[in-house]
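Input: a single structure, listed below in structure tokens.
Derivation of every value follows stated rules applied to the coordinates shown; laboratory data play no part. Since the structure is predicted, the reported quantities are computational estimates derived from the model, not experimental observations. Don't worry about glycine lacking a Cβ; one is built from the backbone with ideal geometry, like all the others, and counts go over all protein chains shown.
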Amino acid sequence: MTLIEWSSSALFVAFVAYLVATIFFGGAVKSSTHEKTATNKRWGMYGFTVTIIGFIANLTYFITRWIAAGHAPVSNLFEFTAAFGMMIVGAFILIYSMYRIAALGLFALPIAVIIIAYASMFPTDVSPLIPALQSYWLTIHVITAALGEAILAISAVAGLIWLLKNIDMTKKSKQRFWIEAVMYVLILVVGFIVSTTIFSVAYEPVEYSYVDVEGAEQTIEYTKPALFGMNESTVITEGAMQPLIEMPALVNAKKLTTVVWSILIGSVLYILLRLILRKRLAEVVQPFTKKTNSQLLDEIGYRSVLIGFPVFSLGALIFAMIWAHEAWGRFWGWDPKEVWALITFLFYAVYLHLRLTKGWQGEKSAWLALIGFIIIMFNLIAVNLIIAGLHSYA
Amino acid sequence: MKSLECKCGHINPVGTQLCESCGRPLTEEAINKPLADMRYEGSARRSQTYNKTIIDKVWNFFSSVKVGMWIIVAILVAAAIGTILPQVFYVPANNATEAAAYYERIYGTFGKIYNDLGLSDLYSSWWFQGLIGMLGISLIIASLDRVIPLYKSLKKQKVKRHSSFLQRQRLYTKAENVTEDVLTPAEKKLKELKYNVRREDGALLAEKGRFSRWGPYVNHLGLIIFLGGVMLRAIPGVYVDEQLWIREGETLAVPGASGYFIQNNGFEFDVYDKESSDEVFSDAIDRVGTIASNYQTNLTLFEGANQEVVGDPGELEEIKSGPTIVNKPFKFDSYNIYQIDFRLDELKAMTFNLENKESGEQFGEFTIDLIEPEPEYDLGDGYKVELVDYYADFTGFENGEPQSKSPIPNNPAFLVRMYTPDKPEPETSFVLIRETIEPFGENDYKLKFQAAETRDISGLTVRKDLTLPILMIGGLIFMIGVAQGSYWNHRRIWIQQTATGDVSIAGHTNKNWNSVKKDLYYVTKDTKVPRPKDQQDPEDDLDFEEGDETS
Amino acid sequence: MAQSKKTRFYIRTVILAILVVAIIGTIYVNVTKEKNAVLAVGDQAPDFQLVDMDGNVQRLSDYKGQGVFLNFWGTWCKPCAKEMPYIDKQYQVFKDQGVQTIAVNIAESDFKVNSYTKQYGMTFPVVIDRQKNVMERYNIGPLPTTFLVDPDGKIIRIIQGEMTEQDVANFMEEIKPS
């Protein structure tokens, strides 16, 4: 086996270990009526041990790929997203070792699993560095920024658990609607992973030619059945179907197709789950959260922001500015990715100041933590997909 | 001006919530609260106490954290709006008219509105910069207003506090009829935990990490310095940001750095190829096709001897030679030259041969330098080509006059006269790429194209930023402050024991309550005093064990 | 107490005033930066020295006491070609009244500039700015751009774009030494 194959296997081992650990953590919060019984603790310990094993495998992936490629594996969308997933687990380990809350593992690990699976949907081959990325600042800036974001993500996990625990699922309310919306979005991400996997096996890529915004002829390859066609697109591959609906030149119909397929399949999954479970998803997971101390969850949420915020500021703003100065000669250029990093920074600055005010702890704080995570994910995914800038990888 | 006298005899400034000395609640509001509001130690923030003049009102406006939050939210929303469409400096347009046309063409009506509203250049708008300025004012005033009273009250705090103060702390416990001395063993344990312990008859105050209270003010100071540094760039000469296109072989003045000249010794553009690259990259190279590996321009920097007047640089003295590579700029003085862009293969010279059309006999090759053409090219033996005129970027004829739309040889055209010994009068020919026009009738001779030479053009950026050290200091102070405030916390534990054996213990921290709970658990373990309860937490049933976090 | 109230008022006023002035100043400079060039009307015209097509050194400061009609141009630029004959005609009128004309070509070849001056019969000094540093110093954007320099060496007008013959005459009149 080559080093890269070793590396991929290690990532797979980590992936499986996180799934197993999730089950153990589930056992730790479910198996008995009191929080701190002996069985409970044992399940928690098993869960944590498996997490550590998975994390070691994950680090093995990271280090072997680094050695094989000769540069830190954070240089394309797959590598970056996978690293982010790994760091969420790292951040979880850090926070868990402080607070020993099993419910945190039950929610943080599946999110890391989804993120790693999401990463694997992008081309995973090792690419050499383009000139813009040939700098040791790539390693320093990206790893620090991702680590900061991962620690901040734990605060959203704590917030999510807080909300799941404390929202009354028996009465109709705004809160109940929105927490279910969060669950739905998580299922949509799974929908993306499922649809991409199905089509990569069962669908032959089709090539289309189209006319871009500037009026130039281009070709594009669809890996999913074309629901939406690019501007004036025609099929090149023989026997393939013409797209169902043609979009104007401004819209990237290939990406739109991917998004719509994810929503379709994700929604089908969601409806199936609702039919089988006959409950809202938030209601299904609520019992797993009931034995956790709300006050402590609130504190974990706040503490994660306190730990993550300086790391994020250092990595995503200060190191970013230093690199931007080295590479482009200006430390700040109002590139969309930069702006969204600033927005994230400002948002958490607001969070921290609001914590000083009474009434912004507990529920409001939990919602804010979730919104913060949405902003981070928006910057990681949407800015790359929708708003192309200097940072657009791959 | 009235001041507040506490029952303990201490005189407090107006607006004080909790007596600076003993901690008794002083206002109606503070008395009615079950728990004390410990923000800023219950001290009087000066801004809230005086509200007479307009200056005071403006001051109080900026002092408010709430106002500060709204300013941040406004900046946040504006910044987000600015990313909906690319900003004007990322758009291929040279001026406002072109930009307006671009937005309308690519993004339709929405693009037009976006551009008309000025959102396409949002970050340089006066109102956006104004918001940042307001944030700066808010940072300064809000910090000044809080740090001074906080410092004073932390400095003035007494070891012995009134029992009502202890009761109103979030972590509190009490016990009666405790005969043995609680304070001395507690002092020992707290010292083990690295607390700073002070005692005063029957009272103990243990404190740890007070310096973390200054964290927010230190980081605000860093931000203020940073923003100040950014403001300095408005001063002429402090900040230079210029672009230039330079062709291989050219020597040009360095824009923004008078007296300096750079010569382009060659542009290099490399790609990864499968043979020489590491095998692990072969899949990626197969999938993507071409992956660039290097962009660089080799430069030589000169300084003109004639410094006092522009134009004629006098003798050029070589200062240094070296490349500018992406991520590795060419540095001199306080300037950096960055490799930003390039264009490949612009025509540089064309080689022709004078040929007899019928016989195909050739009479000599000559090369026209498209940048510095010669008026004539002597081929010997009476053969000669005279260059009458040259059109670098030929676009067609207007009133019989050939037109060129730029001085760049994108489509060179030559008007030539060909002198040959067999003709008394030279033949005239208009030579284009792949075409020859013979304006005065059929010629016997023609210029046959032989070869072309090309060169690359480098797009460079010249920058100087004297504010960088200030920005760096600001950033560093910010990081120190933010770490200080986030990674440490200020814990205080009060223990009081009366002669009758009443013990009360209270704990407070500015953040990370779990830490002080653990410390209190450790202090009360093996004593008759129960572990302090979290009075704010109805679910306070956590037990702490050895091995849990202690720091 | 009254004393400290007063002090406080003064301290606050001073702090606020400094902040407001600094911020408004910065914004003003930033917002107007793009619009006005580095050189503005009223500035001293930067001295330069270039060699003309006849081999004579042309130095701006040598014309102190005379008005200088300073025209930046290129052979490919159509409006330049239109106004060039007007400038030449007016040069003939004003050259004995203390108005000098200098045409600065932007880094083209000797050949091209020579053929152009011959074609248009230009009689006033034409210089080539080979390293584009005069252009850089004068912050030239689109061509043609004309600077009117008065006898004291001050820029009194910057004209971007084409001029009519009447414009040229009026402008030369403006910089005529009195």
Net dipole in debye of the range A:100-231 [+1 Lys, Arg Cβ; -1 Asp, Glu Cβ; about Cα centre; nearest 20]: 1140
Computed helical MRE - 222 nm, chain B, DSSP H runs ≥ 4 contributing -39500 (n - 2.57), nearest 500: -9500 deg cm²/dmol
222 nm mean residue ellipticity, helices alone, for chain C (DSSP H n ≥ 4; -39,500 (n - 2.57); rounded to 500): -14000 deg cm²/dmol
Phi to ³J(HN,Hα) by Karplus 6.51 cos²θ - 1.76 cosθ + 1.60 over the range C:77-85, Hz, x for Gly, Pro: 8, 5, x, 4, 5, 5, 7, 4, x
Cα-based Rg of the range B:387-543 normalised by 2.2 N^0.38 Å, two decimals: 3.01
From phi via Karplus (6.51, -1.76, 1.60), per-residue ³J(HN,Hα) for the range A:294-306 in Hz, x at Gly/Pro: 4, 4, 5, 4, 4, 5, 4, x, 5, 4, 4, 5, 4
Evaluated at q = 0.17 Å⁻¹: base-10 log I(q)/I(0), Debye formula over Cα of chain C: -1.03
30 Å Cα-Cα threshold exceeded, pairs from B:K328/B:K348; B:K405/C:K89; A:K171/A:K254; B:K66/B:K174; B:K274/B:K320; A:K165/B:K188: A:K171/A:K254; B:K66/B:K174; B:K274/B:K320; A:K165/B:K188
Integer Hz, Karplus 6.51/-1.76/1.60 couplings in order for the range C:65-72, x for Gly and Pro: x, 10, x, 10, 9, 9, 10, 9
Size of charge dipole - the protein assembly as shown - debye, nearest 20, with Cβ of Lys, Arg +1 and Asp, Glu -1, no other charges: 10540
Kirkwood Rh in Å, taken over the range A:171-279 so that all alpha-carbon pairs contribute: 15.5
Taking C:V93, A:V89 and counting other C-beta atoms within 10 Å, the order from fewest to most: C:V93, A:V89
Label-zone membership for the range B:186-220, site B:D502, 7 angstrom Cα→C-beta point, backbone N under 19 Å: B:200-205
Amide H partners (placed H, <5 Å) of B:F332, local residues excluded: B:I337
Translational diffusion coefficient (Stokes-Einstein; Kirkwood radius from C-alpha pairs) of the protein assembly as shown at 10 °C, 1.306 mPa s, in µm²/s: 45
Fraction of the pair-distance distribution of chain A above 39 Å, Cα-Cα pairs, percent: 20
From the C-alpha gyration tensor of the range B:348-452, square roots of 5λ in Å: 22, 16, 12
Virtual spin-label span in nm between B:E435 and B:D181, 7 Å along Cα→Cβ: 10.9
Residue mean of other protein chain beta carbons inside 10 Å, C:128-141: 5
